[in-house]
Amino acid sequence: MDRVTSPGGVRARARVLARGDGRGGTALPVLEGEGPLAVRRTRGSGAEARVMLVGAMSGPLGGDHFTVTAEAARGARLRVGSAAATLALPGQDKAGFRYDVRLTVGDDAELRWLPEQLISAHGSDLCVGTRVDLAAGARLLLREEQVLGRAGEEPGCPTSRLTARIEGRCVLDQELACGPGAPGGWDGPAGLAGHRAVGQLVVVRPGFATEPPAARVFEEGAAVMPLADPAAAAAAAGRGVGLAGARPANAFLRLSDWQRSST
């Protein structure tokens, strides 16, 4: 497929489909990318197939619209990551950059969606929409992280919405807007409280239906919250360390420990 470039920016899509191969492994019958969205299979582990999203051109810029679709069908084990952080930049087009993610996980399938951070540079307008649809016996580990601005600069205007449904029943629907133009209070004590990096993990495990994780605070700015069974979410906010794209040091280390213990 060829990317479509218009005066409004670049339109590009990527699609990944994973299926159990009937021999205890995972096949990838569909692995497609276009324009700036290159999709590469990397070496897997055990039954798990691994895919990497690679930026094939600079950007994204204002006016661009990227869509990524990933499906782990029945019996599949799929892990999707990205080669580097995504840096949203302002462009000549006054429209913002839109990034849509559509994830589907079938019965007895597992998807690990673990991309690197989204960085909203000063002057950029970033809108991310993630929708996850899961079967009753599906397993999910989803990581989403955003960094507000590069080192030493004011943030852009990122908005993200994450929706997760199990058998059509909504277990999570949340929206976060930050930066200039966002509703008042986003940077206050009830919001990010001065932090410039925010992230969350969403974990869905059938076992959570009978043994849900307890709500707890790891430390200031990091907590686990049970959702409607069988799901849970962990969230953290931090000031970042080193480069603006680095994860908040202590909070994300603690959440990473919780992530490993939940899988």
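Structural remarks
- When region 128-154 is filtered for residues that are touching a strand residue (DSSP E or B) at 6+ places or on another chain (Cβ under 7 Å), open to solvent by 10 Å² or more (accessible area, probe 1.4 Å) and either more than 26 Å from ALA228 (Cβ to Cβ) or without any contact (Cβ under 8 Å) to a residue 24 or more places away in the chain (or both), only ARG150 remains.
- All positions within region 44-93 that are part of a loop (DSSP other than H, G, I, E, B), open to solvent by less than 20 Å² (accessible area, probe 1.4 Å) and closer than 23 Å to SER120 by Cβ: PRO60, GLY62, GLY63, ASP64
- Restricting ALA136, ALA190 to residues that are assigned to a loop (DSSP other than H, G, I, E, B), at pLDDT 90 or above and more than 27 Å from ASP64 (Cα to Cα) narrows the list to ALA136.
- Check on VAL202, within 14 Å of the chain's Cα centre (by Cα), within 23 Å of GLU110 (Cα to Cα) and of a type in the set (Val, Ile, Thr): yes
- When ALA136 is tested against (1) of a type in the set (Gly, Ala, Ser); (2) touching a Phe, Trp or Tyr at 6+ places or on another chain (Cβ under 8 Å); (3) closer than 18 Å to LEU111 by Cα, only condition (2) is not met.
- Within region 172-190, tally of residues that are open to solvent by less than 50 Å² (accessible area, probe 1.4 Å) and either touching a Pro at 6+ places or on another chain (Cβ under 9 Å) or touching a residue at least 40 places away in the same chain (Cβ under 8 Å) (or both): 5
- Members of region 23-57 found to be without any contact (Cβ under 8 Å) to a residue 12 or more places away in the chain and either within 30 Å of LEU89 (Cβ to Cβ) or of a type outside the set (D, E, K, R) (or both), listed by number: THR42, SER45
- Selection from region 17-38 of residues that are farther than 18 Å from ASP108 by Cα, at pLDDT 95 or above and of a type in the set (A, V, I, L, M, F, W, C): VAL30, LEU31
- Considering the conditions (1) among the charged types (D, E, K, R); (2) at pLDDT 75 or above; (3) touching a helix residue (DSSP H, G or I) at 6+ places or on another chain (Cβ under 9 Å), ARG196 is excluded by exactly one of them, (3).
- Of the numbered criteria (1) open to solvent by 10 Å² or more (accessible area, probe 1.4 Å); (2) more than 13 Å from the chain's Cα centre (by Cα); (3) closer than 27 Å to MET52 by Cβ, the one GLU116 fails is (2).
The values are calculated or read from the model by the stated rules, or taken from the named source; none is laboratory data. All figures in this text were calculated on a predicted structure; none of them were measured in a lab. With ideal geometry, Cβ positions are generated from the backbone for all residues, glycine too; neighbour counts draw on all protein chains shown. What goes into the accessible areas is simple: the full protein's heavy atoms, side chains included, and nothing from ligands, DNA or RNA. Shrake-Rupley method; radii C 1.70, N 1.55, O 1.52, S 1.80 Å.
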